[in-house]
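All remarks here apply to the structure that follows.
The values are calculated or read from the model by the stated rules, or taken from the named source; none is laboratory data. Keep in mind it's a predicted model, so treat the numbers as computed, not measured. Because the Cβ atoms are built from the backbone with ideal geometry, glycine has one as well, and the counts that use them run over all protein chains shown. With ligands, DNA and RNA removed, areas are computed over all heavy atoms of the protein, side chains included. Shrake-Rupley method; radii C 1.70, N 1.55, O 1.52, S 1.80 Å.
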Amino acid sequence: MSMIKARLDLSSSSKMYSLRKKMLTRTALLMCTMLAILSVGVWHYANTSANYSYDRLLSSASVTMLDGINVAKNKVHIDLPYSAFEILQLAPEDKVYYAIYGPNGDFLSGYSDLPLSPSVTEQASTQPRYELHFYKQQKVRFIVRHKRLSERSVAGNVSIILGQTTIARDEQCGTHCMPRLLP
């Protein structure tokens, strides 16, 4: 009889151990899943926040550059304001690339080998377009913006493509992301 009782005690203790093990395993899996979901959410928020901040700088600089484009002596005249580059200097480690295209799509100034160009159908749009490309082995965030020229001698849209490397943007994303994930 004591043998049967000993076997019952062993089997019940192994079931309790198994139940405890199952509960701990499920709880650990649930916690790891929650951590993964929260990590993705925090990263997405930090990335969106950094993009929003630095896209505003790009947008301001592109508007300032477009203000320096006008028509003089029947030709498109480009006078890039220093303030446009001052705006982008808020990210001092980043490099800036730009290209300006005339009303007929003719290249006027800047880097002629940028990875994107303004399309003819897009030139009627008043909304800026943002894109991320690799250029000169670096990630560069570009904005494409247009300005309508309405002079007798020159009529049409002038397009500017302005890009900035993403060093400061990525750094801001990292500084927003890490403290929220680690206690």
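Look at (1) modelled with pLDDT of 85 or more; (2) open to solvent by less than 60 Å² (accessible area, probe 1.4 Å); (3) over 18 Å from the mean Cα position of the chain (by Cα) and you find that A61 fails only one, number (3). Applying the selection to the stretch 60-76, what residues are more than 16 Å from S159 (Cβ to Cβ) and either touching a residue at least 40 places away in the same chain (Cβ under 8 Å) or out of contact with any helix residue (DSSP H, G or I) (no Cβ under 9 Å at 6 or more places or on another chain) (or both)? If the condition is that a residue be more than 16 Å from S159 (Cβ to Cβ) and either touching a residue at least 40 places away in the same chain (Cβ under 8 Å) or out of contact with any helix residue (DSSP H, G or I) (no Cβ under 9 Å at 6 or more places or on another chain) (or both), then A72, K73, N74, K75 are the ones that fit.
The rows are residues; the columns are (1) under 15 Å from Q164 (Cβ atoms); (2) open to solvent by less than 60 Å² (accessible area, probe 1.4 Å); (3) small (G, A, S).
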position: S49; (1), (2), (3): no, yes, yes
position: S53; (1), (2), (3): yes, yes, yes
position: D79; (1), (2), (3): no, no, no
position: L90; (1), (2), (3): yes, no, no
